[in-house]
Amino acid sequence: MTSGARAAAPRIPPSRLHLRDLLSIGLVGIAARKVRSTLTAAGIAIGIAAMVAVLSISESSRADLLAALDRLGTNLLTVSPGFSFTGDAVLLPATAAPMIARIGPVEAVSSLGTVETSVRRTDRIPEEETRGIVVQATDLDLLDTLRGRVAVGRFLDAATERYPAVVLGWTAAERLGIGGPGVRVRMGDEWFSVLGILAPIELAGDLDSVAFIGRPVAEERFDHDGTSTTIYLRTAQDSVNAVRDVLAATANPESPNEVGIARPSDALEARAVAATAFTALFVGLGAVALVVGGVGVANVMLMSVLERRSEIGLRRALGATRRQIALQFVAEALTLAFLGGLLGVAIGAGIGIAYAISQGWSPVVPPIALGGGLLAAVVIGAVAGLYPSLRAARVSPTDALRGG
């Protein structure tokens with residue numbers, strides 16, 4: 001039989017590496033170096049955990065602030081005395097509160113007037129020792145306007161505002177060492193009975209250190225002139241700015257520039273913005289930790305290439321292509337980074353949830369933190385494994401086997 005008649009030699013199909021085989025090889029490579037792989041994955045996990053935890057804590061805090069704003073409203077305004085050009089305090093006119101109540105969009109108005117006296121536990125304490133507690137004559141609808149509440153006991157009413165009765169703010173009660181109603185305190189030369197203690201007032205924190213008495217008893221016992229030092233008002237939500245623009249002129253027509261106007265909810269909104277600003281800073285720090293973890297992955301993969309030269313040479317001799325060798329090491333780097341990312345996401349979410357619960361917030365773990373954390377880990381793993389995989393692909397089979 002002539003050579004032309006001979007059957008053609010069978011064509012050997014090219015070597016193929018399926019995705020399942022690639023993942024299997026990657027896991028085997030990691031399992032073969034457990035301690036080193038664990039430490040490297042931990043480096044990735046630390047960076048991811050930091051980013052996820054910071055985002056979770058920030059979102060939980062922001063959600064709590066926004067919930068407080070929704071509950072308390074952003075339509076509360078305060079009017080207070082200002083100062084003249086000479087630096088002297090300018091009192092609000094007695095007509096300020098009634099005039100403000102006549103503004104169309106205003107829904108509620110309550111006022112306080114400072115009383116020149118102090119609160120003490122006993123008559124053995126000098127009147128000069130106020131302990132930072134201010135006595136205020138109050139309108140009876142103050143809590144409704146502020147959306148505050150009584151923690152224990154009750155607030156003043158039409159029956160008790162004429163008698164020596166007092167309601168303490170939360171901080172004032174703590175400073176006096178009083179935990180509930182029924183206790184007597186000394187105010188001037190009089191004994192007053194404690195009716196109740198208010199819960200902390202979120203939109204007017206300065207009122208937590210106030211002792212509240214009725215206007216009639218303040219005028220009778222302490223010669224209070226009935227003027228207001230602070231006025232709180234609620235407006236229609238869509239008219240806040242319009243009311244704010246006319247408040248000063250309404251409260252004090254003769255000297256509108258000497259009236260202070262504020263919106264307490266601005267402080268909560270500013271805190272929400274500040275929380276977002278600090279989030280960017282801490283996420284940046286987490287990104288730095290993640291890059292450090294990526295350097296660790298690259299270092300481990302380079303060491304792996306040097307240690308496995310004989311394995312690389314053998315695989316090349318058995319038909320593995322350069323591309324398959326490169327994919328093998330990229331798969332190992334990606335698997336290592338992905339496992340570290342999973343661990344980091346779990347730890348970070350756990351830290352964020354635990355911290356939110358400890359602060360009394362509703363835990364919020366943003367989906368972008370979870371997905372972004374895993375994606376960042378995979379990207380870092382791909383970048384870190386690129387150079388080691390290319391170096392492995394360039395290893396010559398003969399040199400590798402000879403060196404092995």
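The values are calculated or read from the model by the stated rules, or taken from the named source; none is laboratory data. Because the structure is a prediction, the values reported are computed rather than measured. We place every Cβ from the backbone using ideal geometry, glycine too, and count neighbours over all the protein chains shown.
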* Structure fact -> A careful count of residues in the range 154-183 that are surrounded by 16 or more Cβ atoms within 10 Å (Cβ to Cβ) and either among the small types (G, A, S) or under 32 Å from the mean Cα position of the chain (by Cα) (or both) gives 8
* On the given criteria, is I57 buried (at least 24 other Cβ atoms within 10 Å of the Cβ) and either at pLDDT below 75 or closer than 30 Å to R263 by Cβ (or both)? -> yes
* Asked: Which of the residues belonging to the range 92-139 are under 29 Å from R175 (Cα atoms), assigned to a loop (DSSP other than H, G, I, E, B) and touching a residue at least 24 places away in the same chain (Cβ under 8 Å)?
  -> E116, T117, S118, R121, T122, D123, I125, E127, R131, G132, I133, D139
* Can you tell me which residue in the range 199-239 is surrounded by the fewest Cβ atoms within 10 Å (Cβ to Cβ), limited to those that are among the hydrophobic types (A, V, I, L, M, F, W, C) and farther than 22 Å from G180 by Cβ? -> A236
* To do: Scan the strands (runs of 3 or more DSSP E) fully inside the range 144-217 and keep the ones with 2 or more residues being of a type outside the set (S, T, Y) and closer than 18 Å to E116 by Cα.
  => 165-168, 184-187, 190-198, 210-214
* **Subset of the range 240-255 (residues that are among the charged types (D, E, K, R) and either within 10 Å of A96 (Cβ to Cβ) or not in a helix (DSSP H, G or I) (or both))** => E254
* Give me the pairs: first residue in the range 173-189 and in the same structural domain as E219 (by TED's automatic domain parsing), second residue of a type in the set (D, E) and surrounded by fewer than 18 Cβ atoms within 10 Å (Cβ to Cβ), beta-carbon distance under 7 Å, and six or more apart or on different chains, which are they? -> R186/D123
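Within the range 106-129, can one find any residue that is closer than 23 Å to L203 by Cα and under 25 Å from the mean Cα position of the chain (by Cα)?
Looking for residues that are closer than 23 Å to L203 by Cα and under 25 Å from the mean Cα position of the chain (by Cα), one finds none in the range 106-129, hence no.
What about L302, is it surrounded by fewer than 18 Cβ atoms within 10 Å (Cβ to Cβ), touching a Pro at 6+ places or on another chain (Cβ under 7 Å), in a helix (DSSP H, G or I) and at pLDDT below 80?
Values: surrounded by fewer than 18 Cβ atoms within 10 Å (Cβ to Cβ): yes; touching a Pro at 6+ places or on another chain (Cβ under 7 Å): yes; in a helix (DSSP H, G or I): yes; at pLDDT below 80: yes.
Here the answer is yes, as L302 does meet what is asked.
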* To do: Give the range 350-380 a look and list any residue that's of a type in the set (V, I, T) and without any contact (Cβ under 8 Å) to a residue 24 or more places away in the chain, or say none.
  => I357, V379
